[in-house]
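> Sending over a structure as structure tokens; questions will come in a sec.
The values are calculated or read from the model by the stated rules, or taken from the named source; none is laboratory data. Every value quoted in this text rests on a predicted model; they were computed, and no experiment measured them. Note that we place each Cβ from the backbone using ideal geometry, even for glycine, and neighbour counts take in every protein chain shown. To get the accessible areas, we keep the full protein, side chains included, count just its heavy atoms, and leave off ligands, DNA and RNA. Shrake-Rupley method; radii C 1.70, N 1.55, O 1.52, S 1.80 Å.
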Amino acid sequence: MKRIISTLGLLFLLAGCQSTVPAAPSTTGAPALTPVLSPTLTPTTHPTPTDMPRWQLYEAALLEATIKREDGLCEWTIMGVSGNEVYVYTLCQATGRIKTAMSVPAVIYLGESGEIENVVIPRDGIYYGEDIRALFPKDVQEKIFARDVDGPRRKEHLDDRMINGGPPLIVVLGTPMP
């Protein structure tokens with residue numbers, strides 16, 4: 001019995017590894033346990049659609065463009081789409097000890113096969129209005145300047161995700177990702 005418990009403890013310890021562990025020899029006549037470890041994602045600087053769900057690709061790209069961190073969560077609203085450009089309003093917050101956060105409109109540029117190529121956000125200060133007019137079509141500019149971006153609901157959901165996890169509100173609502 002002790003051997004089975006120690007083998008299970010070892011399995012839990014090795015669960016994050018990609019290597020396989022040979023089955024422990026059985027001395028009690030019981031069948032040996034053979035662990036089946038699921039493969040983990042290969043760390044990449046640019047995740048691909050085969051690595052993770054589409055919304056996670058959006059979230060990772062928005063985190064990098066806004067708060068420049070990987071340890072965070074984002075909520076976003078799609079304000080429009082034109083060709084390979086997706087116009088969003090995003091709220092991102094770090095989950096680490098330092099609670100950096102940013103709420104800003106962004107343009108997500110998609111490649112020919114739908115992969116995220118780049119995310120651009122407007123500059124701060126006196127350049128903000130100029131960049132909004134340069135980056136976004138007129139109808140989206142109006143939403144941004146009117147602050148018509150569904151803010152309170154996204155903030156509440158982000159706060160809930162910080163505590164309980166789960167996908168962003170855009171996924172919960174079933175909004176398709178372009």
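> Take the residues in the range 49-61 that are open to solvent by less than 60 Å² (accessible area, probe 1.4 Å) and either at pLDDT below 50 or part of a loop (DSSP other than H, G, I, E, B) (or both); name whichever of them is nearest to Thr175 (Cα to Cα).
Met52
> Suppose the filter is among the polar types (S, T, N, Q), surrounded by 14 or more Cβ atoms within 10 Å (Cβ to Cβ), over 19 Å from Val171 (Cβ atoms) and touching a residue at least 24 places away in the same chain (Cβ under 8 Å); does Thr90 pass it?
It is false that Thr90 is among the polar types (S, T, N, Q), surrounded by 14 or more Cβ atoms within 10 Å (Cβ to Cβ), over 19 Å from Val171 (Cβ atoms) and touching a residue at least 24 places away in the same chain (Cβ under 8 Å).
> Quick one: how many residues across the range 124-136 are under 26 Å from the mean Cα position of the chain (by Cα) and either at pLDDT 95 or above or over 19 Å from Leu63 (Cα atoms) (or both)?
Residues flagged as under 26 Å from the mean Cα position of the chain (by Cα) and either at pLDDT 95 or above or over 19 Å from Leu63 (Cα atoms) (or both) within the range 124-136 amount to 5.
> Let me ask something additional. I need the full set of residues from the range 62-76 which are over 23 Å from Arg147 (Cα atoms) and surrounded by fewer than 23 Cβ atoms within 10 Å (Cβ to Cβ), in order please.
Matches in the range 62-76: Glu64, Lys68, Arg69, Glu70, Asp71.
> Give the residue that is surrounded by the fewest Cβ atoms within 10 Å (Cβ to Cβ), with candidates limited to residues of the range 127-157 that are in contact (Cβ under 8 Å) with a residue 40 or more places away in the chain and in contact with a helix residue (DSSP H, G or I) (Cβ under 8 Å, 6 or more places away or on another chain).
This residue is Val149.
> Open to solvent by less than 60 Å² (accessible area, probe 1.4 Å), touching a Phe, Trp or Tyr at 6+ places or on another chain (Cβ under 9 Å) and among the acidic types (Asp, Glu) - does that describe any residue in the range 100-119?
The answer is no; no qualifying residue exists.
> On to the next question. For the range 158-170, which positions are open to solvent by 50 Å² or more (accessible area, probe 1.4 Å) and among the aliphatic types (A, V, I, L, M)?
Met162, Ile163
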